[in-house]
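Single-structure report; data block below.
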Amino acid sequence: QVRLVESGGGLVQAGGSLRLSCAASGRTFSDYAIGWFRQAPGKEREFVTAITWSGGRSHDADSVKGRFTISRDNAKNMVYPQMNSLKPEDTAVYYCAASLAPIPVPRSSAYAYWGQGTQVTVSS
């Protein structure tokens with residue numbers, strides 16, 4: 001069992017930045033790839049970014065490439081997506097999730113554990 005808790009969401013103006021955090025507890029955090037997904041009202045949950053257990057490889061959705069950067073600190077059991085140049089269309093609830101896959105998988109079905117989410121609102 002892995003417990004995930006997201007934080008760092010909030011209200012920001014377009015063009016601004018936020019750094020989210022995902023804190024993990026339970027089983028060995030460094031065994032898991034961590035992904036971030038988001039869900040806007042009335043829309044399906046979509047992949048945002050993910051990072052392997054070692055932090056050596058990451059994968060970003062096309063919609064956030066060049067704007068979001070994911071990193072992790074296994075000593076602290078933390079994962080951080082840095083979100084820059086935010087747009088109103090980035091508004092959503094952001095979830096972190098853990099997967100035993102050896103690569104950063106962009107499919108929600110690959111992730112066994114999920115956090116409760118943190119709201120990000122970008123005003124125009």
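See the values below:
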read-out	value
Segment 56-70 - residue that is among the charged types (D, E, K, R) and modelled with pLDDT of 95 or more and, of those, farthest from Met83 (Cα to Cα)	Asp62
Flag if Arg38 is in a strand (DSSP E or B) and within 22 Å of Ser123 (Cβ to Cβ)	yes
Some residue of segment 16-35 being touching a residue at least 24 places away in the same chain (Cβ under 8 Å), part of a loop (DSSP other than H, G, I, E, B) and of a type in the set (S, T, N, Q)	yes
Wholly enclosed strands (runs of 3 or more DSSP E) of segment 51-124 bearing at least 2 residues of a type outside the set (Gly, Ala, Ser) and open to solvent by less than 60 Å² (accessible area, probe 1.4 Å)	68-73, 78-83, 92-99, 118-123
Whichever residue in segment 9-28 is open to solvent by 10 Å² or more (accessible area, probe 1.4 Å) and under 10 Å from Val79 (Cβ atoms) and, among such residues, is modelled with the lowest pLDDT	Ala24
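The values are calculated or read from the model by the stated rules, or taken from the named source; none is laboratory data. Note that this is a predicted model, so its numbers are computed, not measured. When we count neighbours, we look across all protein chains shown, and the Cβ atoms used for this are built from the backbone with ideal geometry, even at glycine. All accessible areas refer to the heavy atoms of the entire protein, side chains included, with ligands and DNA or RNA removed. Shrake-Rupley method; radii C 1.70, N 1.55, O 1.52, S 1.80 Å.
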